[in-house]
Structures are given as structure tokens and as C-alpha cells.
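The values are calculated or read from the model by the stated rules, or taken from the named source; none is laboratory data. The structure displayed is predicted, hence computed values, not measured ones. Ideal geometry is used to build each Cβ from the backbone, glycine not excepted, and the neighbour counts take in all protein chains shown.
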């Protein structure tokens, strides 16, 4: 006599096994047919992770896999400034903003399919090795790099926290020529603002980028120049790739009377205005910009020009008028996302447009290929013109 209870149990077990998966052996491999569900992307990723955990026969680094998946997901937004940042890179990013980290000291961006140098930081290993603005990094230690493996390229360039003293070979494309440049990683301590006296009572302040300490460094530069009886100031923002919004607002507040500095507009149309107070330094100003002056440096230049506070001299700027917000994920990782556009006091968003100076002055080809700090005064026609205007 057939046991009905046994039949029912067998049928139930068979149903669940069949519903879970079907296995076929084809060409020496297995094909697993899973039940069809309309999963979201996140659910698919979770299911794939479960399958790997349950069936994959070799060891693997789950954290590295997840970092790669999240990086690729962020990259498909199509915005070079939006990216997932893993633990190591986020730690190094925060150290670079604070002005102290191990690396080569270079700011890069994705330009179409290329990784393009905006500028090496002043006195950095990259600057001393001869890396120039506009160089396109095509290989790191012989490995091809491009926009497609941007995050991997950045990690290879930076190395880890113990990489000080180690050398890397960057293959850069400069014009039509490819060249190998050897750079030694070291602890980079960035001083973002430096001053010196020029002729006829004109002072000079070079701001290389806007970090956490830039405003304090800038005020010290101003105080030092005042002690020499300075009568006018040249602020050099050439090759300045930008930095933090808070930093540039503080610097602008020292230079502007009561006025608008910058206005931020987000996706929902919300506006936030940043204004200066009535307390400011009223010394005559000239500001130097070029095609590698970007982001925060363009915000400062635009605020000074639109408020009639000084004269812009040099070349049309880079054209990055968007703002990134960094969202910490709670586990040491972060997500950087383009969340707003910024507008100069005149109501202009300069993104992909740039700022055209009131007085356009170029450099000869040889000098335009040098870092700003390496251009001798007698051949720095932009700086000379600023001194003439202030005289």
C-alpha cells in the first residue's frame, strides 16, 4: 500500500528543488536555470553575491569586488566628477584637503576619454619631475589607463600609505609625443598661499589651490605684505584647479566689500547665496587666470570681476561651474556626486564656458609649458601686465 504522506512530502521536496534551480551538464560545465523573477538591480547584485558565496570554488575578495561594482555603477552616470570612493582613497582625499598626504601632488580630471592633468601642485614631486598642465596620462608603470579605469589609475598613481620613496613611471602624451616621466612618491605638505614683493610697491600672492588652511595662509600673506607697505596686490590663480567652497568664500570675504560672492542652485531649484560682509581689504587688485584655472579659482575670479573689485588678466579659464557634495557611507567609504551649479554675482554659470579676462595676455610657447613657479619674471608677460596696471 502506498503511503500517501510519503508521496506528499516527496512532491513538496521535488517542487522546491525544481523551483530553486535546474542543473544541466553541458560541455564539461554546469548550466543552472534559476526561476524567473523581475529583480531590481540591487536585488540582482544580492542574488549574484549569494550564488558566489554558495557555489564559487575559489577564494575571492568580496570587498574589492563590491568596490569595483559600485565604482562602475557611479561611472555610468557619465559625469567625470561623480564617483564612488573606497576607504583608502577617501582617507587620502581627506588628507590632501587638509594639506598633508603621501603621493605625487597632481590634480587630474577626465577629459573625454583621457585622464588629463589640470595642474601639479606647486613644489610637488609631480612639478619637480616635469609633469605639466594639459599632459594626458596614458600609462602608469606600463599599464594603459583612461577614463574607463580612472579609479584604478588614481590608486596606482597614489600607491598606499607606505609608498613614500617609491618611484612610478608615468607615460604622458604631450601634444603628439608620448614620454615617460619618473616620479618619486613622497609626503606632500601643501602650502597653498605664498607671497613676495615685486617692483613699485606691488605685492604678489600665489594661491595654488583652495584647501582647509588656505584662508589662514592667505591672511598671513596679506599681513606680511602690509608690513612692507604694499600698495597693490596681484593674486595669481593660474593652474589653480579649485578646492573647497568654504575656503574660497573665506578668501573672497577678505577682498570684497558687502556683496554677493557666489550663488549655488541645486536640482530642485533651491538657492543658497554666499555674501561678504562690509569689512575687507581695499588694496587695488589684479587677478591672473589661465585655461587651467578651474572651479573654486574661477568662483573667486568671477566674484572679484563682477563686483568691480579688480581686473582679470591672462587667458580664458577652464570652465567648471558645478559643485560636488561628498556623502559619507558610514563605513569609511564615500560617494562624490555633482549636486549643484554655481553662479557668479552677475548671474552667469561658467560651466563649460569659462571666464574671459578683461585684459587677455598670453605667454610664449616655452613659458606656457612651465609650472607657474618656474616662469622667470622677465618672461612672465601676464604678471608684468598686472604690475603695470597696478602702477
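Report yes if some residue within the range 327-339 is at pLDDT below 95, over 27 Å from the mean Cα position of the chain (by Cα) and surrounded by fewer than 16 Cβ atoms within 10 Å (Cβ to Cβ); otherwise report no.
Looking through the range 327-339, none of the residues is at pLDDT below 95, over 27 Å from the mean Cα position of the chain (by Cα) and surrounded by fewer than 16 Cβ atoms within 10 Å (Cβ to Cβ).
Out of curiosity, is residue 291 within 22 Å of residue 195 (Cα to Cα), touching a residue at least 12 places away in the same chain (Cβ under 8 Å) and assigned to a loop (DSSP other than H, G, I, E, B)?
no
Conditions tested, residue by residue: (1) surrounded by 14 or more Cβ atoms within 10 Å (Cβ to Cβ); (2) farther than 20 Å from residue 383 by Cα; (3) touching a strand residue (DSSP E or B) at 6+ places or on another chain (Cβ under 6 Å).
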| site | (1), (2), (3) |
| --- | --- |
| 134 | yes, yes, no |
| 141 | no, yes, yes |
| 190 | yes, yes, no |
| 210 | yes, yes, yes |
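Could you list, in sequence order, the residues of the range 163-200 that are closer than 26 Å to residue 144 by Cα and assigned to a loop (DSSP other than H, G, I, E, B)?
163, 164, 165, 166, 175, 176, 185
Looking only at strands (runs of 3 or more DSSP E) that lie completely in the range 47-162, which have at least 3 residues being closer than 25 Å to residue 244 by Cα?
In the range 47-162, 83-85, 100-103, 106-111, 114-120 are the strands (runs of 3 or more DSSP E) which contain 3 or more residues that are closer than 25 Å to residue 244 by Cα.
For (1) over 21 Å from the mean Cα position of the chain (by Cα); (2) crowded, with 21+ Cβ neighbours inside 10 Å; (3) closer than 19 Å to residue 119 by Cβ; (4) not assigned by TED's automatic domain parsing to the domain that holds residue 383, each residue gets a yes or a no:
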residue	(1), (2), (3), (4)
220	yes, no, no, no
228	yes, no, no, no
268	yes, no, no, no
271	yes, no, no, no
288	yes, yes, yes, no
296	no, yes, yes, no
299	no, yes, yes, no
312	yes, yes, yes, no
318	no, yes, yes, no
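Can you tell me which residues in the range 229-247 are in contact (Cβ under 8 Å) with a residue 40 or more places away in the chain and in a loop (DSSP other than H, G, I, E, B)?
Across the range 229-247, the qualifying residues are 230, 231, 237, 238, 239, 240, 241, 242, 244.
Can you give me the number of residues within the range 345-378 that are assigned to a loop (DSSP other than H, G, I, E, B), in contact with a helix residue (DSSP H, G or I) (Cβ under 9 Å, 6 or more places away or on another chain) and under 27 Å from residue 306 (Cα atoms)?
The total comes to 12.
Taking into account only those residues within the range 33-59 that are surrounded by 10 or more Cβ atoms within 10 Å (Cβ to Cβ) and touching a helix residue (DSSP H, G or I) at 6+ places or on another chain (Cβ under 7 Å), which is modelled with the highest pLDDT?
45
If you scan the range 168-212, which residues turn out to be touching a helix residue (DSSP H, G or I) at 6+ places or on another chain (Cβ under 9 Å) and under 22 Å from residue 155 (Cβ atoms)?
168, 170, 181, 182, 183, 184, 185, 186, 188, 190, 209, 211
In the set 226, 273, 250, which member is in a helix (DSSP H, G or I), over 24 Å from residue 375 (Cβ atoms) and modelled with pLDDT of 95 or more?
After applying the criteria, what remains is 250.
Can you tell me which condition residue 195 does not meet? The list is (1) free of Cβ contacts under 8 Å to residues at least 40 places away in the same chain; (2) surrounded by fewer than 18 Cβ atoms within 10 Å (Cβ to Cβ), and all the others hold.
The failed condition is (2).
I'm trying to understand the selection: among the residues of the range 276-288, which are in a loop (DSSP other than H, G, I, E, B) and touching a residue at least 40 places away in the same chain (Cβ under 8 Å)?
281, 283, 284
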